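Report on the following structure.
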């Protein structure tokens, strides 16, 4: 998929939307379709994401030296329609800028033009493995007694990966790449205090960390399968293989630690 393809896919959620309904209802329909939680924060993220994708679409068309009249009308219409200020206004006020047949036809044409920028399709089995691991970790975190700071770290990890998977539908694999980079740094740079607390808390806490490392590895494999540019490979896969041994290891082995 490329920017035009992804935008066109999102618009499918808005085609049945009544002109008298608020725009937010269309976003809620889209969120349900992606499996994401329907809530205000995710709607705001989605609006920001489609605006970023629209800017990327414009940059790619410029890069290919496509004549401006062939895309500026669509780009401007999408930018005008998808604003947070319009979320609770009637869809009929802006729908023609987004769902008109000529808009969708132009996006379909742009999708063809941008075919050289298509990302690889994410491996469905690898993606399903990550989604299942997220569900399992979420369930386990609800039932285990963990140090407060560790719980906050691991719950935040699950939330960030869920958001990245939602944004994958709008921005491609990059949000997953960003989440993997951020989380691998957080886990391997965990403070000495947090590492000590987790060690003292025993096997349950250490097992939760191991599963967190495995989540990062699984997310890295999803990113690798979908990106033509980023390849995480062995270093990130070793997080899952080594588990708790990697927790805080960058900080503890740095020159500043004296080790």
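How do the peptides 11-24, 115-128 rank, highest first, by the average count of neighbouring beta carbon atoms within 10 Å per residue?
11-24, 115-128
Taking 0.36 nm per residue of separation and subtracting the Cα-Cα distance, what length does fully extending residue 112 through residue 89 add?
Result for the pair: 5.0 nm of gain on full extension.
Starting from 0.36 nm per residue, how many nanometres of slack lie between residue 62 and residue 12 once their C-alpha separation is accounted for? Walk me through the intermediate numbers first.
Values: separation 50, 0.36 × 50 = 18.00 nm, distance 2.59 nm.
Answer, rounded to one decimal: 15.4 nm.
Please say if the stretch 1-124 is rounded, prolate or oblate, where rounded means a/c under 1.5 for a ≥ b ≥ c the square roots of the C-alpha gyration tensor eigenvalues, and otherwise the choice is prolate for a/b larger than b/c and oblate otherwise?
Oblate, because a/c is 1.5 or more while a/b does not exceed b/c.
Based on DSSP H runs of at least 4 residues, each adding -39500 (n - 2.57), what is the mean residue ellipticity at 222 nm of the chain after dividing by all its residues, to the nearest 500 deg cm²/dmol? Mind dumping the intermediate values first?
Working: 13 runs with 178 residues, N = 259.
Theoretical 222 nm ellipticity from helices: -22000 deg cm²/dmol.
If I fit a long axis through the Cα atoms of helix 192-201 and take the longest principal axis of the Cα atoms of the chain, what angle between them do I get, 0 to 90°, rounded to 10?
Here the helix axis deviates by roughly 70 degrees.
Quick check: the angle from helix 174-188's long axis to the longest principal axis of the chain, C-alpha only, nearest 10 degrees?
20
Order these by the 10 Å Cβ neighbour count, fewest first: 91, 30. It would help to have the intermediate numbers written out before the result.
Values: 91 21, 30 24.
Ranked by crowding around the Cβ, least crowded first: 91, 30.
Quick check: the angle from helix 203-226's long axis to the longest principal axis of the chain, C-alpha only, nearest 10 degrees?
40
Bear in mind that the values in this text are calculations on the coordinates, not laboratory data. Please read these numbers as outputs of a predicted model, since none were measured by experiment. Every residue, glycine among them, receives a Cβ derived from its backbone with ideal geometry; neighbour counts consider all protein chains shown.
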